[in-house]
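Data block below; observations after.
None of the figures in this text is laboratory data; all of them are computed from the coordinates on show. In this text the structure is predicted, and so the values were computed from the model without any measurement. Heads up, the Cβs are rebuilt from the backbone with ideal geometry, glycines too, and the neighbour counts pull from every protein chain shown.
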Amino acid sequence: MTKSAKSSTCPSKLIASRDALDAIQGKWRVPIIITLSFGNKRFGEIRKDIEDISPKMLSQELKELERNQLITRIIYDTMPVTVEYSLTPLGKSLEKLLEELTAWGVHFRKTVIGVKR
C-alpha cells in the first residue's frame with residue numbers, strides 16, 4: 001500500500017472507530033449489552049445483574065442503546081404491561097468483540113493490577 005493510500009484510509013478508520021466507541025462508550029453500555037447477550041430481560045432483571053446502576057441511568061442508557069439500534073424494546077400486551085429488552089442483530093454482532101475485550105481485560109487485570117480473576 002502506498003503512503004497516500006495509507007493516509008487516505010487512516011481518517012476513515014479513525015471516523016469508523018470513533019463512531020463505534022460512541023455507540024458503546026461509558027460505564028454502563030457494555031455491561032448492559034453483555035447482560036442482554038444472555039437473553040431477553042426486563043428492566044428489573046437488568047438492574048439486578050448490574051447492581052450499582054441507578055434506575056434513571058439504566059433508563060437513559062437503554063434509550064441510547066435503542067437509538068443506536070443495538071437493543072430493542074419489546075412491549076407485551078399483558079396486564080400490567082410487560083416490557084423486555086433484547087439485542088438486535090447489530091447488537092449481537094458485538095459478541096466476538098466483547099469476548100475479546102473481556103479476555104484482554106482479564107489479561108490487563110493480571111498484568112497491571114495484579115488480580116488473578
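Couple of notes before you dig in:
- Selected residue (criterion: nearest to residue 28 (Cα to Cα)) from residues of region 60-78 that are polar (S, T, N, Q) and free of Cβ contacts under 8 Å to residues at least 12 places away in the same chain: 60
- Pick from region 63-86, criterion among the hydrophobic types (A, V, I, L, M, F, W, C) and touching a strand residue (DSSP E or B) at 6+ places or on another chain (Cβ under 8 Å), ranking: farthest from residue 32 (Cα to Cα): 81
- Scanning region 33-49 for residues that are within 12 Å of residue 92 (Cα to Cα) and assigned to a helix (DSSP H, G or I) turns up 33, 34, 35, 36.
- Residue tally, condition touching a Leu at 6+ places or on another chain (Cβ under 9 Å) and at negative phi, over region 66-91: 11
- Those residues of region 51-88 which are in a helix (DSSP H, G or I) and not aliphatic (A, V, I, L, M), in sequence order: 55, 56, 59, 60, 61, 63, 64, 66, 67
- Residues that are in a helix (DSSP H, G or I), within 30 Å of residue 82 (Cβ to Cβ) and among the hydrophobic types (A, V, I, L, M, F, W, C) within region 14-32 comprise 23, 24, 30, 32, listed in sequence order.
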